[in-house]
């Protein structure tokens, strides 16, 4: 008997053996192309990718890459990525050690027959309505990738939904220590 | 001091100690060609940009210093893509400067525009698109730093025409920090735990093999290797990229491993209990079928590039450092294997049973290519540098020439670039004018880059080229004979067309031809007398000759095929 796999918080949206790489890069032209090109030519699969300026420093950006560790050994992916001259630091987070969040935005038509159902879905998901007019709602959810999966699935029942997700960002989970 | 960007570029190259640029001008790089007239740097005008790249590689491989090439934008830049890819595969330090259309025109499909930084992203260690003239010194200094440290490789600088024409206040970086490379850490502290583990594995070993790769030459570790090998008495194999890292005449040297390696080198690896990989990367041409490669061996993998660890073969100890430093650490810990007498006795049996052989040449020809190489080698001055193209002649040159020191074997390993030999020989001769340089070439390879002999003659670079003319793309022919039921598809080239002697003469070289044994000896003698102009010899060799030993592609190294005359015995 082996110990059961820990619950990874998500099933449908990313491969089970996914890893999160939090990559600090120089904020220079073409850096994203270098990363994307490396993944393409080495046959590493990217599940999602998010880029933003890092910690208020214009010199660096942080790229959060969810990689499919089935497509290549993680050691290879990290080793090759580290060779890119513009890559400054790589943090490798196993899903169990990562605090992951993602943003979902959706716009959908509402009318008298579905309004109650939509409000129900939004409330259950912990999402909020951030824009509305006579015929449509815009809904936002910032949550775990699993919660975003759930909401996306719940919205499938409605017609003409326009939906976008950002891809996840992640930080290491805090270590639980005894209170001082 | 105010300089144009073009002047700053040339001055930066001077700062880096560059003595030679291989290149060819054109529109976008034109401003940079003007200050060359006032520079101490020698410019070698090539006839095709691919030649410039391979010359720079030959220069780098023969001297250990970075090679420099300069070309214009668009087709000038794309023509040098093959040498860049070649240098990337073989970790050769190269700095390539390409002209680019003016900044304002980038992205507009301007005349001779191409996205060369995009094209070469995957085949350079790094590349730069210069944004201002002020950046030029930093980019050049960074390019040389990147090309020559850590795992060496090609670095490209793309310079838009308006920037080379604009003014800048001259400066030059004096510290690594000024290079602005926050993500680049070529050296990491030595992992003492890994060293201790390696020392323990060595201590337990009864059948070790030193698997020496190109990284040993790149880190200039040949002296440390000799000392370590002699102290520990371990057998040594040198890969195609490491020929010359350990003297071929040394009794502990088993020769080259791999697809066309020596039987004893291949078999010693297969039977080893410990493989110490020194700057080698478990290339498929060495391992054959990976699952049966050195199946009983523990692996100590020494490499400066961590991405090589566990890429092909799981290492028991991975030590990220340069080869010299690892060997010094092993010596300091007095890492010593068990008594190797039994192991050596076994190895000597293989060496005696399966030496390199070839069929006796007949007096009237055709010549045996292996015999031609041996005959040239016998009459060659000590320290002669040998370059090769890619194919049968390359394997025979590696097998039958004895390399005694680093920088004497210049070839295209990882990329397998046909046509490498002639321009690489020119570059090697420019870098080491004191040495004789022979290019052992094939007729197919020669036809790809022969026009650079015009460059050699015009610039006074007296190389010697031996064409082993078997009228075929010989290695392809060998595979079609062995694996495609002798169905020869598109491999015949003709021995007479072109007329290599006339072609050589038209390029200002001495052209010679040999069909018989006597003629072979005579033309080699003649070629050795000529030291002012390039010499080209058309050696008419046997088309049916094949390279042995051979491990078929993807087959296990246990199934090595020896020369037909050695088969039929129980091994």
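The values are calculated or read from the model by the stated rules, or taken from the named source; none is laboratory data. Computed from a prediction, not measured in an experiment: that's the story for all the values here. Backbone-built Cβ (ideal geometry, glycine too); neighbour counts: all protein chains shown.
Output yes when any residue across the stretch B:209-224 is under 18 Å from residue B:334 (Cα atoms), surrounded by fewer than 24 Cβ atoms within 10 Å (Cβ to Cβ) and within 24 Å of the chain's Cα centre (by Cα), and no when none is.
The answer is yes, given that some residue of the stretch B:209-224 is under 18 Å from residue B:334 (Cα atoms), surrounded by fewer than 24 Cβ atoms within 10 Å (Cβ to Cβ) and within 24 Å of the chain's Cα centre (by Cα).
Evaluate the stretch B:157-170: report whether one residue or more is within 31 Å of the chain's Cα centre (by Cα) and surrounded by fewer than 19 Cβ atoms within 10 Å (Cβ to Cβ).
For the stretch B:157-170, residues within 31 Å of the chain's Cα centre (by Cα) and surrounded by fewer than 19 Cβ atoms within 10 Å (Cβ to Cβ): absent.
Suppose we filter B:201, B:210 for residues that are assigned to a strand (DSSP E or B), in contact (Cβ under 8 Å) with a residue 24 or more places away in the chain and away from chain A (no Cβ under 14 Å); which single one remains? Walk me through it before giving the result.
Working: B:201 fails: assigned to a strand (DSSP E or B).
Sole residue among the options that is assigned to a strand (DSSP E or B), in contact (Cβ under 8 Å) with a residue 24 or more places away in the chain and away from chain A (no Cβ under 14 Å): B:210.
Mind checking which residues of the stretch B:483-542 are buried (at least 18 other Cβ atoms within 10 Å of the Cβ) and farther than 21 Å from residue B:368 by Cα?
Within the stretch B:483-542, B:503, B:504, B:507, B:509, B:510, B:534 qualify.
Hey, residue B:342 hits all of (1) closer than 21 Å to residue B:215 by Cα; (2) out of contact with any helix residue (DSSP H, G or I) (no Cβ under 9 Å at 6 or more places or on another chain); (3) assigned to a helix (DSSP H, G or I) but one; which does it fall short on?
(1)
Given the structure, is residue B:415 surrounded by fewer than 24 Cβ atoms within 10 Å (Cβ to Cβ), part of a loop (DSSP other than H, G, I, E, B) and either in contact (Cβ under 8 Å) with a residue 12 or more places away in the chain or not assigned by TED's automatic domain parsing to the domain that holds residue B:85 (or both)? Before you say what the answer is, go through the steps one by one.
On the way: surrounded by fewer than 24 Cβ atoms within 10 Å (Cβ to Cβ): yes; part of a loop (DSSP other than H, G, I, E, B): yes; either in contact (Cβ under 8 Å) with a residue 12 or more places away in the chain or not assigned by TED's automatic domain parsing to the domain that holds residue B:85 (or both): yes.
Against the criterion (surrounded by fewer than 24 Cβ atoms within 10 Å (Cβ to Cβ), part of a loop (DSSP other than H, G, I, E, B) and either in contact (Cβ under 8 Å) with a residue 12 or more places away in the chain or not assigned by TED's automatic domain parsing to the domain that holds residue B:85 (or both)), residue B:415 qualifies.
Considering only residues that are within 10 Å of chain A (Cβ to nearest Cβ) and touching a helix residue (DSSP H, G or I) at 6+ places or on another chain (Cβ under 6 Å), look in the stretch B:97-123 and name the one that is farthest from residue B:415 (Cα to Cα).
B:121
Which ones in the stretch A:140-155 are within 10 Å of the chain's Cα centre (by Cα), in a helix (DSSP H, G or I) and at pLDDT 95 or above?
Correct list: A:148 only.
Would you mention how many residues in the stretch B:291-323 are away from chain A (no Cβ under 14 Å) and surrounded by fewer than 19 Cβ atoms within 10 Å (Cβ to Cβ)? Full working, then the answer.
Pass one, the stretch B:291-323, residues away from chain A (no Cβ under 14 Å): B:291-300, B:302, B:316-317, B:319, B:321-323.
Now drop any that are not surrounded by fewer than 19 Cβ atoms within 10 Å (Cβ to Cβ), which leaves B:291-292, B:295-296, B:316.
The qualifying residues number 5.
Could you check, for the stretch B:139-150, whether at least one of its residues is buried (at least 24 other Cβ atoms within 10 Å of the Cβ) and either closer than 19 Å to residue B:425 by Cα or more than 14 Å from chain A (Cβ to nearest Cβ) (or both)?
Among the residues of the stretch B:139-150, at least one is buried (at least 24 other Cβ atoms within 10 Å of the Cβ) and either closer than 19 Å to residue B:425 by Cα or more than 14 Å from chain A (Cβ to nearest Cβ) (or both), which makes the answer yes.
Any residue at all in the stretch B:273-285 that's out of contact with any helix residue (DSSP H, G or I) (no Cβ under 6 Å at 6 or more places or on another chain) and within 14 Å of chain A (Cβ to nearest Cβ)?
There is at least one residue in the stretch B:273-285 that is out of contact with any helix residue (DSSP H, G or I) (no Cβ under 6 Å at 6 or more places or on another chain) and within 14 Å of chain A (Cβ to nearest Cβ).
For the stretch B:57-123, which fully contained helices (runs of 4 or more DSSP H) count at least 2 residues that are modelled with pLDDT of 95 or more and either outside the structural domain of residue B:155 (by TED's automatic domain parsing) or closer than 30 Å to residue B:383 by Cβ (or both)?
By residue number, B:81-89.
Looking at the stretch A:44-112, what strands (runs of 3 or more DSSP E) fall wholly within it and have at least 1 residues that are within 14 Å of chain B (Cβ to nearest Cβ) and touching a strand residue (DSSP E or B) at 6+ places or on another chain (Cβ under 6 Å)?
The qualifying strands (runs of 3 or more DSSP E) are A:46-54, A:57-68, A:87-93.
Would you mind stating whether residue B:553 is assigned to a loop (DSSP other than H, G, I, E, B), at pLDDT 95 or above and under 22 Å from residue B:397 (Cβ atoms)?
In short, no.
Output yes when any residue across the stretch A:29-36 is surrounded by fewer than 20 Cβ atoms within 10 Å (Cβ to Cβ), within 14 Å of another protein chain (Cβ to nearest Cβ), assigned to a loop (DSSP other than H, G, I, E, B) and touching a strand residue (DSSP E or B) at 6+ places or on another chain (Cβ under 8 Å), and no when none is.
yes
Tell me yes or no: at least one residue of the stretch B:353-362 is under 22 Å from residue B:216 (Cβ atoms) and in contact with a helix residue (DSSP H, G or I) (Cβ under 6 Å, 6 or more places away or on another chain).
Our first condition is that a residue be under 22 Å from residue B:216 (Cβ atoms); within the stretch B:353-362, this holds for none.
No, there is no match, as no residue in the stretch B:353-362 is under 22 Å from residue B:216 (Cβ atoms) and in contact with a helix residue (DSSP H, G or I) (Cβ under 6 Å, 6 or more places away or on another chain).
For the structure I just gave you, tell me whether residue B:329 is assigned to a helix (DSSP H, G or I), more than 21 Å from residue B:471 (Cα to Cα) and in contact (Cβ under 8 Å) with a residue 40 or more places away in the chain.
yes
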